[in-house]
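What follows is one structure encoded as structure tokens, with my remarks underneath.
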Amino acid sequence: MQIKPIIGLEIHVQLATRTKMFCACPLEFAAEPNSRTCPVCLGMPGTLPVMNRTALEYSIKAGIALGGRIARFSKWDRKSYYYPDMPKNYQISQYDLPICSEGSFEIPKPDGSTRPVGIIRAHLEEDAGKNLHEGLDHTRVDLNRAGTPLLEIVTKPDIQDADEAYSFCVELQRLVQWLGISEANMQKGQMRFEPNVNVAITDGGVEYRTPISEVKNLNSFRSVRLAIAYEINRQVEAWKADHDYTLAKKGKMNFGWNDAKEATEFQRGKEESHDYRYFPDPDLVPVTVDDATLARLGAEVGELPLARQRRFIDTYGMTAKDCEVILADRATSELYDDAIAQVADAKLLTKQFVGIWNHLASARQSTIAGLGVPQVSVVELAKIVADGTISASAAMQVAEKLCEKGGSALEIAQSAGLIQERDESAMQAWIDQAFTENPQAVADALSDNPKKSKAAPGFLRGQVMKISQGKADPKLTGELIEKKILSLKC
Amino acid sequence: MPAPIDESQVRHIAHLARIKLTDAEVAAFGAQFANILKHFETLSEVNTDGVEPTAHPLPITNVLRDDEPVEPIGVEAALANAPARETPYFKVPKVLDQETA
């Protein structure tokens, strides 16, 4: 018996506009219920929706980044259903002319390669409000969310397993944040997932397909992975118990996800499925996208995160761990990319980003670019370490000061007394002191025991650094120690 | 001629619209639906080969606004016409999540 999961994803991404999709009500998380509403999003008769230009442009950018075809002509349709969180009794959506279709999105595989997942479509629609009925004998309705712009992305059933679905969702979150079109904050429900799962079972030369389960409204990467794995297992077991448990006989079913039980729960079968009666919205005129707009938005999309990651690995010798830090957000990766042109040593710059800058950013709950340290200072700090003006360890102190009050890295290092001493007479004094205070190490350095004579100079160098409080140039110190040992041998 | 509208179709449409109909209304609307469909049957006699589907009757596209917030009307005004309220919420009969789309 062979089992092949067939998985597609529907993902709703809330666009990071300031206002709603068809009215100018501000979008604000956790505002007082119904305080962000107006006659348009309340569904009052006689009102006229007007499309938000930014929402449209964000959706086009997403479509370009997903490698899709952008519709040069698209329109708005009404999807009818009656529910108190949708006061118009229809949702404005795109039915037959989505803004984007036929795309393909590369996702990373654990072995470092990538794999494309087909995108069927991405369309714009408005979100519904919220019904609240926990512990009540009635329902409360908050329409603040009604009319929030959503991008619905539908993949082909190309996804092979729960882990791949997981990495798709993670990579998509990175993409929309990278593009600046969504905060994609899970806690705020700005990214919601609906996997479609079934299984092709080949048994005795016959292929059976289990009914497709649509798992509704998952709001974490973890629940996406768990729900898919759960469904694959459940469907195979259901088919084993009853070979009539097939798509042909049972159709499509909806399931909810119980996070506490880590199990899906049956909601309804196909006979109860909705009849949405889509038709073009007469209140909204169609949208056309011209060449100039497409070119402008395409330029703003630029290099995608995964492509940039590949380039950074190939060109700058980054590791996957380096990439996690430096490509965590677009601005940081651009700061690095711009700085590298002026810093010859990529390894050193990478080390400073991953060590120093990332450390400071985490402590301030910011991104590296968000620290606000200008590119010129980032470059300067790398340069003064590269040429030995300050030590690698002193760079942290300088970076901290750069975060706090800005200024010149060199001046900060000077006023903090962090400039490495390279004056030979000053250094000679530290070295002489180290030799006087550590006779055993000197004896070891002069001994015939190769192990001891090899280790001793390093120890002495450490002592010099200590005596000089880190000011001694480590390279020069090493050279002077070697010289002194040699002179003692003679 | 379009297929006649039977009672169950009328009841289905009424259910989708969350409207309760009496038996007499079901019969009356059934007849009216049939008339409406007959009208469309007449329209469908027109040869539309090679005619682009109309997305909108007006020859206008791209009516867009800038993403600039405007002060909302406020909770009091929003709830003013509600048959029932539990300020700052609208209050409606209990609905179950399972019914969501």
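The values are calculated or read from the model by the stated rules, or taken from the named source; none is laboratory data. Computed from a predicted model, the values in this text were never measured in an experiment. Cβ coordinates were reconstructed from backbone atoms using ideal geometry, including for glycine residues, and neighbour counts include every protein chain displayed. For accessibility, only protein heavy atoms count, side chains too; no ligands or nucleic acids. Shrake-Rupley method; radii C 1.70, N 1.55, O 1.52, S 1.80 Å.
What order do you get for A:358-365, B:35-42, A:466-473 when each peptide is scored by the mean count of other beta carbon atoms within 10 Å, highest first? Write out the running numbers ahead of the final one.
Values: A:358-365: 14.6, B:35-42: 10.5, A:466-473: 17.9.
In decreasing order of mean packing, A:358-365, B:35-42, A:466-473 become A:466-473, A:358-365, B:35-42.
Which FRET efficiency value, to the nearest 0.05, do you get for A:Glu207 and A:Glu265 by plugging their Cβ-Cβ distance into 1/(1 + (r/R0)^6) with R0 = 25 Å?
On the way: r = 28 Å, r/R0 = 1.13.
Efficiency for this residue pair is about 0.35.
May I ask which residue of A:Cys23, A:Ser391, A:Leu349 lies farthest towards the positive end of the charge dipole of the protein assembly as shown, with charges of +1 (Lys, Arg) and -1 (Asp, Glu) on Cβ and the Cα centre as origin?
Final value for the positive-end residue is A:Ser391.
Chain pair B, A: how much accessible area is buried, both chains summed, with a 1.4 Å probe, in Å² to 100? Please list the in-between numbers first.
On the way: alone 9790 and 24140 Å², together 29570 Å².
The buried area between B and A, both sides summed, comes to about 4400 Å².
Would you mind giving the mean number of other chain beta-carbons within 10 Å of the Cβ of each residue in B:55-62, as a whole number?
Mean shielding by partner chains, rounded to a whole number: 6.
Pop a pseudo-label 7 angstrom from the Cα along the beta-carbon direction at both A:Asn258 and B:Ser8 and give the gap in nm to one decimal.
3.4 nm
Does a label point 7 Å from the Cα of A:Arg364, set along Cα-to-beta-carbon, have any residues of region A:329-357 with amide nitrogen under 13 Å, and which are they?
A:357
Let me check against my output: what whole-number percent is the relative contact order of chain B, with C-alpha pairs under 8 Å and at least 6 apart?
Relative CO of chain B lands at 18 percent.
Using +1 at the Cβ of each Lys and Arg and -1 at the Cβ of each Asp and Glu in region A:424-489, identify which of A:Met427, A:Ser453, A:Thr477 lies farthest towards the dipole's positive end.
My answer, from the dipole projection, is A:Ser453.
Mind checking the mean number of beta-carbon atoms from other chains within 10 Å of the Cβ atoms in A:31-40? Before the final figure, lay out the partial values.
On the way: counts 1, 3, 8, 14, 7, 6, 7, 7, 3, 0.
Rounded to a whole number, the mean comes out at 6.
Longest segment of chain A with no GluC sites (Glu not before Pro) in a DSSP loop having at most 13 other Cβ atoms within 10 Å? Could you put the intermediate results ahead of the total?
On the way: sites that count: A:Glu28, A:Glu134, A:Glu262.
Free of exposed loop sites, the longest segment is A:263-490.
What FRET efficiency do you get for B:Asn47 and A:Tyr278 if R0 is 35 Å and r is their Cβ-Cβ distance, rounded to the nearest 0.05? Walk me through the intermediate numbers first.
Working: r = 25 Å, r/R0 = 0.72.
Efficiency for this residue pair is about 0.90.
Between A:Glu437 and A:Leu486, what is the label-point separation in nm under the 7 Å Cα-to-beta-carbon projection?
Label at A:Leu486, label at A:Glu437, 2.6 nm between them.
Please get the size of the charge dipole for region A:174-260, origin at its Cα centre, with Cβ charges of +1 on Lys and Arg and -1 on Asp and Glu, quoted in debye to the nearest 20. Numbers along the way, then the final one.
Numbers: 12 positive and 10 negative charges, 55 e Å.
So the dipole magnitude of region A:174-260 works out to roughly 260 debye.
Within a 10 angstrom radius of each residue's Cβ in B:70-80, how many Cβ atoms of other chains show up on average? Whole number is fine.
Details: counts 6, 4, 15, 8, 6, 6, 2, 5, 12, 4, 0.
Taking the mean over all residues of the peptide, I get 6.
Rank B:Asn81, B:Asn62, B:Asn47 by mean-square fluctuation in a GNM of chain B with C-alpha springs under 10 angstrom and give only the top-ranked residue.
B:Asn81
Give the residue list of trypsin sites (Lys or Arg not before Pro) in region A:1-100 that are DSSP loop and have at most 13 other beta-carbon atoms within 10 angstrom. Can you show the working numbers first?
Working: sites: A:Arg18, A:Lys20, A:Arg36, A:Arg53, A:Lys61, A:Arg69, A:Arg72, A:Lys75, A:Arg78, A:Lys79, A:Lys88; in loops: A:Arg18, A:Lys20, A:Arg36, A:Arg72, A:Lys75, A:Lys88.
Counting only loop positions with at most 13 other Cβ atoms within 10 Å, the trypsin sites (Lys or Arg not before Pro) in region A:1-100 are A:Arg72.
When the label point is put 7 Å from the Cα of A:Asn233 along its Cα-to-beta-carbon vector, which residues of region A:142-185 have a backbone N closer than 20 Å?
Within reach of a label on A:Asn233, which here means backbone N under 20 Å from a point 7 Å along Cα→Cβ, region A:142-185 contributes A:160-167.
Against the longest alpha carbon principal axis of chain B, how many degrees, from 0 to 90 and to the nearest 10, is the axis of helix B:23-43 turned?
70 degrees
Between A:Asp423 and A:Asp337, with labels modelled 7 Å along Cα→Cβ, what's the label distance in nm to one decimal, could you check?
Calculated label separation equals 4.6 nm.
To the nearest 20 debye, what charge dipole does chain A have about its Cα centre, counting +1 at the Cβ of each Lys and Arg and -1 at the Cβ of each Asp and Glu?
On the way: 58 positive and 66 negative charges, 64 e Å.
The calculation lands at about 300 debye.
Rounded to the nearest 20 debye, what is the charge dipole size of region A:424-489 about its Cα centre when +1 sits on each Lys and Arg Cβ and -1 on each Asp and Glu Cβ?
Details: 10 positive and 8 negative charges, 39 e Å.
With Lys and Arg at +1 and Asp and Glu at -1, about 180 debye.
Provide the FRET efficiency to the nearest 0.05 for the B:Asn81-A:Lys240 pair, computing r from the beta carbons and using R0 = 41 Å. If you can, show how the numbers build up before the last one.
Numbers: r = 56 Å, r/R0 = 1.37.
Efficiency at R0 = 41 Å is approximately 0.15.
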